[in-house]
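Below is one structure, written out as structure tokens; comments come after it.
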Amino acid sequence: MLVAAQILSGAGLAAGITVGALLAQDMLDSTSLSGLPSALFTVGSAAAAILVGRTSQRLGRRTGLAAGYAAGAVGSLGVVIAAATGSVLLLFLALFIYGAGTATNLQARYAGADLASPSHRGRAVSTVLVATTVGAVAGPNLVTATGQLADVLDIPRLAGPFILAAFAYAAAGAVLWIMLRPDPLTTARALAADTADSGKTTSEQRDSHTRGHHAHLMLGTAVMVLTQLIMVGIMTMTPIHMQHHGHDVSAAGLVIAVHVAGMYLPSPFSGLLVDRFGRLTVAAASGLTLLTAGLVAALAPPHSVALLALALAILGLGWNFGLVSGTAIITDMVPLATRAKTQGTVDVAIALAGAGGGMASGFVVAASSYTTLAMIGGALALAIIPAVAYTARPARERTRP
């Protein structure tokens with residue numbers, strides 16, 4: 001049922017990615033502020049990450065995730081009403097609430113790892129992520145169809161994808177609330193309690209001292225924060241860049257669909273790499289992949305949809321490597337007693353990084369160019385490499401003055 005909910009929610013999150021910046025540009029009549037929607041719903045995602053994490057900690061994943069998707073549906077409807085009425089203030093508020101859907105979609109990956117052993121944790125995370133692919137790839141390609149629906153309802157065409165998002169998030173929440181039984185987090189706690197009562201020690205508990213280093217916790221967070229910052233910054237401005245060079249919204253939707261496929265479709269491969277070659281190896285690979293994406297995006301001719309799509313596919317792959325490896329590192333580190341709460345806190349940092357990337361991207365492009373933005377993103381990705389190298393050193397070397 002977690003997989004079914006991810007398929008539905010994937011269509012919901014794709015709406016903001018595809019047309020959020022274009023809708024804001026139309027309503028605000030400003031390119032420099034076109035990154036604001038991404039910033040708003042990622043800030044909303046940060047707030048929701050705290051609430052979903054804490055609710056899941058107290059009441060289980062089922063309640064936390066269902067509530068998060070319900071909020072995402074409300075935000076989506078708010079965007080539609082804002083576009084229909086021309087209310088910029090309502091648009092900002094609705095986009096903030098809409099971010100709850102994004103936060104919930106990401107936190108669902110932790111539910112996939114709750115009952116997985118450490119040696120299979122990467123693949124467990126990837127199974128949940130890949131389920132998002134179906135809806136997330138279909139969503140951008142429904143821009144034209146949802147725009148026609150918006151015409152029928154006599155509202156702006158760019159609000160159409162948010163109608164789809166409202167339905168998709170509401171359906172995802174309903175599926176989880178009704179059918180996610182037993183709850184994975186509460187079940188994992190019960191199993192851990194039974195093991196403790198019987199006097200047995202699990203391999204996860206035996207390994208906790210060797211894996212539970214502060215440096216690894218910081219690395220897992222840093223990898224996901226940096227990959228989110230870079231990915232959101234370049235992704236947000238790509239539809240604007242394409243529109244400025246004569247491409248229509250359907251072409252932008254196609255490129256974003258390829259990007260979202262790159263974000264989620266490689267998940268089984270990423271999970272296998274994480275489990276087989278280690279979290280740190282894949283984390284380093286994310287930095288090199290994002291660097292490649294930045295270079296391709298910077299050098300791609302503006303008229304070439306194919307090369308822009310390739311750049312964003314590589315961008316999505318780098319993000320995927322970072323997310324799967326970072327999630328596995330964080331889940332390895334945190335005990336069940338505080339797992340959901342800590343994971344929610346980490347996702348706050350990820351969401352805030354996305355907000356910063358989305359907001360800054362508009363100013364960078366307005367002040368310079370899309371090429372400059374892509375080059376900056378690629379350069380930032382290199383910071384992951386020394387961070388991984390530092391963490392991979394023995395603890396006695398890391399603490400040596």
Q) From the residues in segment 1-35 that are in a helix (DSSP H, G or I) and hydroxyl-bearing (S, T, Y), which one is modelled with the lowest pLDDT? A) T18
Q: Those residues that are assigned to a helix (DSSP H, G or I), hydrophobic (A, V, I, L, M, F, W, C) and under 14 Å from L312 (Cα atoms), I need them from segment 241-290; list them, please.
A: M242, A251, A252, L254, V255, I256, A257, V258, V260, A261, M263, L290
Q. Would segment 66-82 turn up any residue that is surrounded by fewer than 24 Cβ atoms within 10 Å (Cβ to Cβ), of a type outside the set (A, V, I, L, M, F, W, C) and out of contact with any His (no Cβ under 6 Å at 6 or more places or on another chain)?
A. yes
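Residue by residue, here is whether (1) under 19 Å from A215 (Cα atoms); (2) charged (D, E, K, R) holds:
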residue: G287; (1), (2): yes, no
residue: L291; (1), (2): no, no
residue: H303; (1), (2): no, no
residue: L317; (1), (2): no, no
residue: I330; (1), (2): yes, no
residue: L336; (1), (2): no, no
residue: R339; (1), (2): yes, yes
residue: T345; (1), (2): yes, no
residue: A349; (1), (2): yes, no
Q.
Among (1) surrounded by fewer than 22 Cβ atoms within 10 Å (Cβ to Cβ); (2) over 19 Å from G12 (Cα atoms), there is one condition P156 misses while meeting the rest; what is its number?
A. (2)
Q. What do you reckon, is G294 assigned to a helix (DSSP H, G or I) and closer than 20 Å to V365 by Cα?
A. yes
Q: All but one of (1) more than 30 Å from F269 (Cβ to Cβ); (2) among the hydrophobic types (A, V, I, L, M, F, W, C); (3) without any contact (Cβ under 8 Å) to a residue 12 or more places away in the chain hold for I97, so report the exception by its number.
A: (3)
Q) Going through segment 379-401 one residue at a time, which ones are in a helix (DSSP H, G or I) and at pLDDT below 85? A) A395, R396, E397, R398
Q. Of all residues in segment 278-302, how many are modelled with pLDDT of 95 or more, surrounded by fewer than 17 Cβ atoms within 10 Å (Cβ to Cβ) and closer than 30 Å to A116 by Cα?
A. 2
Q.
If A171 satisfies all but one of (1) modelled with pLDDT of 55 or more; (2) surrounded by fewer than 16 Cβ atoms within 10 Å (Cβ to Cβ); (3) of a type outside the set (K, R); (4) part of a helix (DSSP H, G or I), what's the number of the condition it fails?
A. (2)
Q: Could you tell me which of the residues L40, L149 is surrounded by fewer than 20 Cβ atoms within 10 Å (Cβ to Cβ) and assigned to a helix (DSSP H, G or I)?
A: L149
Q) For segment 83-121, how many residues meet the condition of being among the small types (G, A, S), surrounded by 23 or more Cβ atoms within 10 Å (Cβ to Cβ) and either within 16 Å of A4 (Cα to Cα) or at pLDDT 85 or above (or both)? A) 9
Q) Identify, please: which residue in segment 300-315 is in a helix (DSSP H, G or I) and touching a residue at least 60 places away in the same chain (Cβ under 8 Å) and is, among those, nearest to P386 (Cα to Cα)? A) L315
Q. What pairs can you find where one residue is in segment 206-226 and surrounded by fewer than 20 Cβ atoms within 10 Å (Cβ to Cβ), the other is modelled with pLDDT under 65 and not hydroxyl-bearing (S, T, Y), and their Cβ atoms are less than 7 Å apart, with a gap of 6+ or different chains?
A. H213/A395; A215/R398
(Q) Go through segment 233-269 and report how many residues are β-branched (V, I, T), more than 18 Å from A306 (Cβ to Cβ) and surrounded by 24 or more Cβ atoms within 10 Å (Cβ to Cβ). (A) 1
Q) Yes or no: V305 under 19 Å from the mean Cα position of the chain (by Cα) and either surrounded by fewer than 24 Cβ atoms within 10 Å (Cβ to Cβ) or at pLDDT 95 or above (or both)? A) no
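Let's see how each residue does on (1) in contact (Cβ under 8 Å) with a residue 12 or more places away in the chain; (2) under 21 Å from the mean Cα position of the chain (by Cα):
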position	(1), (2)
T292	yes, yes
G322	yes, yes
I329	yes, yes
D332	yes, yes
K341	yes, yes
G358	yes, yes
S368	no, no
T371	yes, no
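The values are calculated or read from the model by the stated rules, or taken from the named source; none is laboratory data. This structure is a prediction, so every number in the text was calculated from the model and none was measured. Positions of Cβ are generated from backbone atoms using ideal geometry, with glycine treated the same way; all protein chains shown enter the neighbour counts.
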